[in-house]
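Reviewing the structure listed below.
The values are calculated or read from the model by the stated rules, or taken from the named source; none is laboratory data. Small disclaimer: the values here were computed from a predicted structure and weren't measured. A quick note on method: Cβ atoms are made from the backbone with ideal geometry, for glycine too, and the neighbour counts reach across all protein chains shown. Heads up: the accessible areas ignore ligands, DNA and RNA and are worked out on the full protein's heavy atoms, side chains in. Shrake-Rupley method; radii C 1.70, N 1.55, O 1.52, S 1.80 Å.
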Amino acid sequence: MKIVKRFLKFIIIFIGLFILIIIISVFLDKKNTNYLKVKNIKYANNNSYLITNANIIPMNKDTVLVNKMVHIKDGLINNIADNIEVKDIEIINAKNKYLSPGLIDMHVHIWDRYELGLYLSNSITTVRNLWGMPMHLRIKKDINNDEIISPMFFTSGPKLTGPEFIGDDNLQLMNPTDAKEKVISYKKRGYDFIKTFYNLNEDIFDAVVEQAMISDIDIVAHPSQKVPYSYHFNSQIKSIEHVEDIIQQPLKYNLSDTLKLKEVINDFSKSKHSSFSPTLTVYNNIYQILIDDTILESKKLDFMNPLIKIVDSKAEFDKWHNAKLRDSSIVKRIKKQHDLHVKIIKKLHKKGVTFICGTDAGIGITLPGFSIHQELAFYKDAGLSNYEILKTATINASRTHKIMNEMGSIEVGKIANLILLDENPLLSLSTLKNPSIVFIKGRKLNRQTLHNFEKQAKNRNGLIASAIRYLENLIFEK
């Protein structure tokens with residue numbers, strides 16, 4: 001009897017300590033991101049400014065509006081003119097600088113709040129998170145209540161998959177009824193989109209689309225191999241993700257199947273509803289792993305979430321490093337496929353397909369924030385002009401969903417998500433890496449503040465807190 005009592009006492013103490021560790025870890029992680037709170041950032045309470053002498057890149061047309069004034073009032077663009085007279089307002093002289101809409105990354109995976117600052121420091125003023133979890137609803141709530149400074153934040157619900165098990169991080173749908181119930185639930189709980197994923201057969205896929213129409217919620221599609229690729233050209237599906245899935249699904253890894261590729265490209269060109277997010281960077285990072293055995297030691301990975309770095313980054317490295325040890329020719333094959341991805345983008349571009357910029361940041365070694373500059377550079381390789389490239393991360397992205405229409409260009413009435421740059425991005429995309437000022441809903445963040453965001457996120461703690469949030473997802477979303 002004494003042994004049993006001691007054992008129970010031990011269990012109670014263990015559980016108590018475990019709960020205490022959870023509380024302390026989550027509290028410290030939240031405290032350590034207090035630098036993002038509006039009240040803790042200089043000037044963040046002000047969202048009204050008069051910008052003078054600005055060269056404006058409006059992005060609703062291919063031009064530069066020279067030496068203009070922009071009046072930001074209560075977070076919105078109130079006026080654009082040669083001369084604006086406003087009393088009692090802070091004036092920002094933008095002489096010899098360029099004012100552009102903030103960038104939009106349409107495919108990210110957010111793991112903690114530190115990453116929000118990394119996106120801002122890289123000129124990104126809006127993100128579309130496509131791996132929804134309960135923690136994202138809390139982040140979204142704090143952003144919408146103006147409690148923290150962050151890019152504007154939109155999130156899908158959990159990834160919807162078919163009955164076949166492909167990992168704890170996906171939500172399995174067993175039948176059409178289950179599919180409809182999940183769509184209804186995600187809309188009610190505050191998720192912005194539905195994300196479809198692998199293994200959805202036609203019956204379940206149809207149920208998701210049907211209920212999404214009824215519930216008035218957009219779908220973002222990671223193509224399912226259980227239906228034809230053309231199945232994804234549906235009016236409720238607003239964007240299709242990943243150029244590599246063209247290789248995997250309709251081409252079945254046959255890089256020489258030009259007839260099937262032509263069919264897919266023609267289907268894209270006929271679609272009036274879906275945009276395409278190629279996410280070239282995340283696949284190219286497989287090649288980077290294969291050619292650099294020390295990549296996990298790179299200083300740039302200091303900006304990855306600590307849980308992702310020791311779990312997903314390591315797993316991705318081990319997978320491809322071991323594949324190379326078994327067959328060294330894989331290096332050339334992956335490079336060849338990446339080059340084909342770029343050629344596909346070039347072919348789709350010639351057909352007038354609408355591209356939206358997405359990086360798939362937050363998994364593997366694809367960095368939050370920083371990766372968008374590589375993604376945009378790949379579009380340059382595919383033959384897009386700088387204006388066309390900027391459209392993918394501004395006006396094209398904002399037109400994808402109705403709830404994002406009020407951003408993406410510099411026009412009266414739009415949200416003042418703006419970046420002030422030292423050079424003209426229509427001539428040099430690299431200037432996007434170091435904005436002088438970022439305006440998020442009219443709030444001014446100078447370079448010093450943005451640099452601090454990077455400093456706070458580098459080599460951050462938060463491993464336990466991230467693990468707890470992920471565990472919460474596994475418990476409550478299953």
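Using every Cα-Cα pair within segment 76-187, state what percent have a distance larger than 19 Å. Of all Cα-Cα pairs in segment 76-187, 61 percent lie more than 19 Å apart.
Our coupling estimate for segment 447-453, obtained by passing each phi through the Karplus curve with A = 6.51, B = -1.76, C = 1.60 and θ = phi - 60°, is 4, 4, 5, 5, 5, 5, 4 Hz, Gly and Pro reported as x.
These residues, HIS273, HIS373, HIS242, go from largest to smallest accessible area, 1.4 Å probe, as HIS273, HIS373, HIS242. Extension gain for SER185-LYS380 works out to 66.1 nm (0.36 nm per residue, less the C-alpha to C-alpha distance).
Here's how it looks for SER239: its modeled amide H is under 5 Å from those of ALA221, SER275, which are all 5 or more places away or on a different chain. What trypsin sites (Lys or Arg not before Pro) does segment 269-299 have in DSSP loop regions with at most 10 other beta carbons within 10 Å? Hits after loop and neighbour filter: LYS272.
Amide H contacts under 5 Å for ILE437: LEU420, restricted to partners 5 or more places along the chain or on a different chain, H placed in the peptide plane at 1.01 Å from N.
Per-residue ellipticity at 222 nm computed for the chain from its helices equals -12500 deg cm²/dmol, with DSSP H segments shorter than 4 residues left out and the rest contributing -39,500 (n - 2.57). Across q = 0.12, 0.13, 0.20 Å⁻¹, segment 116-274 modelled as identical point scatterers on its alpha-carbon atoms has Debye log10 I(q)/I(0) values of -0.58, -0.67, -1.24, in the order of the q list. Over segment 20-112, the hull volume per residue, using the convex hull of the C-alpha atoms, is 140 Å³. Charges were assigned to the Cβ only: +1 to each Lys and Arg, -1 to each Asp and Glu. The resulting dipole of the chain about its Cα centre is roughly 820 debye. Would you be so kind as to identify which of ALA207, ILE89, PRO158 lies farthest towards the positive end of the dipole of the chain, taking Lys and Arg as +1 and Asp and Glu as -1 on Cβ and the Cα centre as origin? Of the candidates, ILE89 comes out farthest on the positive side. Measuring between their Cα centroids, segment 219-249 and segment 361-396 lie 20 Å from each other. Backbone geometry of segment 189-196 corresponds, through the Karplus equation with coefficients 6.51, -1.76 and 1.60 at θ = phi - 60°, to 3J(HN,Hα) couplings of 7, x, 5, 8, 9, 9, 10, 8 Hz, x marking Gly and Pro. Ratio of Rg to Rh for the chain: 0.99 [Cα atoms; Kirkwood radius as inverse mean 1/r over pairs].
Under the simplified labelling scheme, the SER428-LYS402 pair shows an inter-label distance of 4.3 nm, with each label point 7 Å from Cα along Cα→Cβ.
Taking every protein chain into account, the accessible area of segment 61-168 amounts to 37 square angstrom per residue (probe 1.4 Å). Rounded to the nearest whole Hz, the Karplus-based 3J(HN,Hα) values (6.51 cos²θ - 1.76 cosθ + 1.60, θ = phi - 60°) of segment 405-414 follow the sequence 5, 8, 9, x, 8, 9, 9, 4, x, 7, with x at glycine and proline. Cross-link partners for LYS458 among the lysines, with Cα-Cα distance under 24 Å and sequence neighbours closer than 8 places in the same chain left out: LYS30, LYS31, LYS37, LYS39, LYS42, LYS140, LYS299, LYS300, LYS309, LYS314, LYS433, LYS444.
List the lysines whose alpha-carbon lies under 20 Å from that of LYS346, not counting same-chain residues fewer than 8 positions away? Cross-link targets: LYS260, LYS262, LYS270, LYS272, LYS335, LYS336, LYS380, LYS391. Sparsely packed loop sites in segment 214-276 (the chymotrypsin sites (Phe, Trp or Tyr not before Pro) outside DSSP H, G, I, E and B with at most 13 other Cβ atoms within 10 Å) comprise TYR253.
The spacing between segment 251-296 and segment 93-161, judged by their C-alpha centroids, is 25 Å. Between LYS141 and SER215, the modelled labels are 1.9 nm apart [label points 7 Å from Cα along Cα→Cβ].
Surface composition of the chain: carbon and sulfur atoms hold 53% of the protein heavy-atom accessible area at a 1.4 Å probe. Proximity of backbone amide H atoms, modeled 1.01 Å from N, is registered between LYS159 and GLY132, LEU171 at under 5 Å, excluding neighbours fewer than 5 places apart on the same chain.
Taking the DSSP beta bridges with both ends in the chain, the antiparallel portion is around 45 percent.
Using 0.36 nm per residue and subtracting the Cα-Cα separation, the extra length available between THR294 and LEU65 on full extension is 77.8 nm.
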